[in-house]
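Participant: I'd like to ask you about the structure that follows.
Read-outs throughout are calculated quantities, based only on the coordinates presented, and are distinct from any laboratory measurement. The model shown is predicted, which means the values in this text are computed figures rather than measured ones. No Cβ is skipped: glycine too gets one built from the backbone with ideal geometry, and neighbour counts run over all protein chains shown.
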Amino acid sequence: MLDKSNGLDHSSQGQAASSTQKAASCDPGEHEELQQSESKFRMLFHNAGDAIFLWELKPGVSPVLIEANETAARRLGYLIGDMPGMPLTVISPMSLNEMSDILGKLATEEYSTFESAYRTCDGTYVPIEISAHIFKLGEKTVMLSIARDISARKAESKSLTEAYNREKKLRQDLETEIGKRVDFTRALVHELKTPLTPLIASGEALLEISQGETELRLAGNIYRGAMNLERRINDLLDFARGEMGVLKVRTQPLNISPLLLDLATEVSPQFDRKQQSLELEIDDDIPLVTADEDRLRQVLLNLLNNAAKFTQRGGQITIGATVSGKMLQLSIADTGRGMSPEEQAHIFKPYYRVEDELDQNDGMGIGLTLCKMLVTLQGGDIWFESEKGRGSTFYFTLPLAMKVERDG
Ligand code: ADP
């Protein structure tokens with residue numbers, strides 16, 4: 001809208017500008033052309049979406065309004081005819097000192113944009129963004145300012161800031177809560193493990209020296225019970241660490257076959273007690289995987305324990321391992337009680353467990369959650385298939401350790 005070639009826009013510079021132009025023209029055709037041009041710019045001036053003001057600047061006093069457009073009058077709540085002659089202090093909440101600071105800055109810049117506010121006729125303050133510049137109009141120093149209402153933008157950024165602060169506070173509260181829980185769990189684990197260590201050692205010693213069948217059975221119960229308790233305590237601590245995001249795995253290339261054979265031997269007494277058979281169906285020459293051996297053992301033990309626990313006496317459990325693309329897929333299948341769709345929807349959620357005659361208060365419902373955390377941390381995936389009354393198969397994958405291809 002501004003034509004800087006003559007230093008002034010035909011319209012927004014108001015009557016002063018147009019009368020100068022008119023006086024300069026004697027030719028009737030040229031005069032008509034000027035009138036048309038003026039009314040065109042005047043129309044643009046008054047219909048602009050932003051409030052436009054032309055101020056006369058005098059040293060030491062508040063700028064005085066020469067002219068404002070319709071939008072300015074409407075926004076401020078004044079009649080347009082009442083506005084010329086109005087000092088800037090009427091519509092601006094700025095003090096004279098603040099104003100002269102801004103004017104001083106403006107005088108050294110060609111164009112400047114800054115945020116401020118205006119005060120409407122009824123005393124309401126509206127946030128605005130002002131684009132202003134100062135120039136000479138004949139003898140006068142004038143300032144053209146265009147004020148854009150930024151209430152919506154301000155409200156939006158305020159609500160964004162509020163939402164951000166709310167979110168930040170919630171996150172901090174949550175972190176504090178989790179931190180407290182981890183500290184509590186750590187203290188609890190310590191308290192529980194202290195008496196457990198001698199219990200395990202004594203149970204083991206008793207097993208070695210026991211002679212009679214009853215003594216052996218009782219010593220075995222003590223030892224297994226204490227070991228079971230220790231495993232659950234460790235699970236609880238790992239789970240708390242996983243929730244905090246501080247559970248770590250150390251993966252390296254691993255040959256999984258000896259580990260599976262070793263585990264099968266380790267859990268066989270547990271399966272024997274329920275006359276369950278345990279089979280290994282694994283591919284020959286399974287390639288190396290990238291895994292954390294201890295954590296992998298923990299996952300497999302959890303799944304095998306569940307399989308034994310939720311399978312009836314005489315049932316069958318099968319460990320499988322097969323290569324699938326760039327992953328090794330492991331499976332633990334049982335012929336146990338299986339799960340209803342309702343159970344299936346929740347089993348990876350912490351503390352979820354279904355009590356039944358096969359699982360008498362045994363477990364805290366964090367085993368599978370922990371398995372999922374550990375498998376994910378090792379770069380794999382875990383899922384299952386199950387049918388009520390027919391059994392379940394849990395699958396998980398581990399990345400194969402890639403061989404480095406060498407030329408020649
Ligand atoms: P817990 O440590 O208490 O066993 P898990 O997280 O390991 O908890 O398992 C949660 C629930 O998932 C169990 O209570 C059981 O209802 C179900 N579940 C897990 N494995 C099996 C399975 N092999 N067969 C049937 N149900 C299972």
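Participant: When the chain is fully extended, how far beyond the present Cα-Cα distance does Leu377 get from Ser340, taking 0.36 nm per residue of separation?
Facilitator: On the way: separation 37, 0.36 × 37 = 13.32 nm, distance 2.84 nm.
Using 0.36 nm per residue and subtracting the Cα-Cα distance, I get 10.5 nm.
Participant: First measure r as the distance between the Cβ atoms of Glu167 and Asp27, then evaluate 1/(1 + (r/R0)^6) with R0 = 51 Å and state the FRET efficiency to the nearest 0.05. Walk me through the numbers before you get to the answer.
Facilitator: Values: r = 69 Å, r/R0 = 1.35.
Once rounded, the FRET efficiency stands at 0.15.
Participant: Right, next: Tell me the relative contact order for the chain as a rounded percent, counting alpha carbon contacts under 8 Å between residues six or more apart.
Facilitator: Worked out over the chain, it gives 9 percent.
Participant: Next up: Could you give P(r) for segment 248-408, binned at 5 Å from zero, as whole percent values over all Cα-Cα pairs?
Facilitator: That works out to 2, 9, 18, 22, 20, 15, 8, 3, 1, 1, 1, 0, 0, in percent per bin.
Participant: How high is the relative contact order of segment 248-408, in percent, with contacts defined as C-alpha pairs under 8 Å that are six or more residues apart? Walk me through the numbers before you get to the answer.
Facilitator: Numbers: 297 pairs, mean separation 41.5, N = 161.
The normalised contact order for segment 248-408 reaches 26 percent.
Participant: Whole Å is fine, so just give me how far the alpha carbon centre of segment 116-162 lies from that of segment 300-352.
Facilitator: 67
Participant: Would you work out the Kirkwood radius for segment 152-247? I mean one over the mean of 1/r across all pairs of different Cα atoms, in Å.
Facilitator: Numbers: mean 1/r = 0.0590 Å⁻¹.
Taking the inverse mean of 1/r over all distinct Cα pairs, segment 152-247 comes out at 16.9 Å.
Participant: Can I ask one more? Among all the aspartates and glutamates, which ones have a C-alpha under 20 Å from Lys105's C-alpha, if same-chain residues fewer than 8 places away are not counted?
Facilitator: Excluding near neighbours in sequence, the set is Glu56, Glu115, Glu129.
Participant: Same structure again: Take the Cα atoms of segment 181-328, build their convex hull, and give its volume per residue in Å³.
Facilitator: Working: hull volume 21.5 nm³, N = 148.
Given the Cα convex hull of segment 181-328, per-residue volume reads 145 Å³.
Participant: Assuming a strict under-17 Å limit between Cα atoms, what lysine pair count do you get for segment 248-408 once near-sequence pairs (fewer than 8 apart, same chain) are dropped?
Facilitator: Final tally of qualifying lysine pairs is 5.
Participant: Among DSSP bridges having both ends in the chain, what percentage is antiparallel? Round to the nearest 5. Don't skip to the answer; put the middle values down first.
Facilitator: Numbers: 56 of 62 bridges.
Counting DSSP beta bridges with both partners in the chain, the antiparallel share is about 90 percent.
Participant: Something else now. Would you grab the residues whose amide H sits under 5 Å from the one on Leu288? Only those 5+ places off in sequence or on another chain, please, with H modelled 1.01 Å from N.
Facilitator: Ala401
Participant: Restrict the search to segment 194-252; then list the trypsin sites (Lys or Arg not before Pro) that DSSP places in a loop and that have at most 14 other Cβ atoms within 10 Å of their Cβ.
Facilitator: The qualifying sites are Lys248, Arg250.
Participant: Now a separate question. Calculate, in nm to one decimal, what Lys40 and Met227 gain on full extension: separation in residues at 0.36 nm each, minus their alpha carbon distance. Numbers along the way, then the final one.
Facilitator: On the way: separation 187, 0.36 × 187 = 67.32 nm, distance 9.23 nm.
That works out to 58.1 nm of additional length.
Participant: Only four residue types carry charge here, +1 at the Cβ of Lys and Arg and -1 at the Cβ of Asp and Glu. Report the dipole size of segment 248-408 about the Cα centre in Debye, rounded to the nearest 20. Don't skip to the end; give the middle numbers.
Facilitator: Working: 17 positive and 24 negative charges, 79 e Å.
About 380 debye.
Participant: Mind jotting down the three principal axis lengths of segment 21-118 based on Cα atoms? Whole angstrom, largest first.
Facilitator: Largest first, segment 21-118 extends 49, 31, 23 Å along its Cα principal axes.
Participant: Long-range amide H contacts for Gly379: which residues qualify at under 5 Å (H placed 1.01 Å from N, peptide plane, sequence gap of 5 or more or a different chain)?
Facilitator: The list, which skips near neighbours in sequence, is empty: none.
Participant: Quickly work out the Thr89-to-Tyr125 label distance, labels modelled 7 Å from Cα along the C-beta direction, and quote it in nm with one decimal.
Facilitator: Once both label points are built, they end up 1.8 nm from each other.
Participant: If you don't mind, there's one more thing I want to ask. Let me know the charge dipole size of segment 152-247 about its Cα centre in debye, to the nearest 20, where only the beta-carbon of Lys, Arg (+1) and Asp, Glu (-1) is charged. Spell out each step's value before the answer.
Facilitator: On the way: 16 positive and 16 negative charges, 163 e Å.
Once rounded to the nearest 20, the dipole reads 780 debye.
Participant: Taking θ = phi - 60°, what integer Hz values does the Karplus form 6.51 cos²θ - 1.76 cosθ + 1.60 yield along segment 271-288, in sequence order, with x for Gly and Pro?
Facilitator: Whole-Hz 3J(HN,Hα) from phi for segment 271-288: 6, 4, 4, 9, 6, 9, 9, 10, 10, 10, 10, 10, 4, 6, 6, 5, x, 5.
Participant: Compute the distance from the alpha-carbon center of segment 24-80 to that of segment 170-214, in whole Å.
Facilitator: Cα centroid to Cα centroid, the span is 83 Å.
Participant: With +1 assigned to the C-beta of every Lys and Arg and -1 to the C-beta of every Asp and Glu, and no other charges, what is the dipole magnitude of the chain about the Cα centre in debye, to the nearest 20? Intermediate results must be reported in sequence, preceding the final value.
Facilitator: Working: 45 positive and 61 negative charges, 148 e Å.
Computed charge dipole of the chain: roughly 720 debye.
Participant: Along the principal axes of its C-alpha atoms, what lengths does segment 238-300 span, in descending order and rounded to whole Å?
Facilitator: 40, 30, 13
Participant: Spin-label point model (7 Å from Cα, Cβ direction): what's the Glu139 to Val64 distance in nm?
Facilitator: So the label points at Glu139 and Val64 sit 1.3 nm apart.
Participant: Right, another one. Once the dipole of the chain is set up with Lys and Arg at +1 and Asp and Glu at -1 on Cβ about the Cα centre, which of Gly379, Asn302, Gly220 lies farthest towards its positive end?
Facilitator: Gly220
Participant: Report the normalised scattering of the chain as log10 I(q)/I(0) at q = 0.09, 0.12 Å⁻¹, calculated by the Debye formula with identical scatterers on the alpha carbons.
Facilitator: Treating every Cα as an identical point scatterer, log10 I(q)/I(0) equals -0.68, -1.00.
Participant: List every residue whose amide H lies under 5 Å from the amide H of Thr141, counting only residues 5 or more places away in sequence or on a different chain, with H placed 1.01 Å from N in the peptide plane.
Facilitator: Result for Thr141 returns Leu57.
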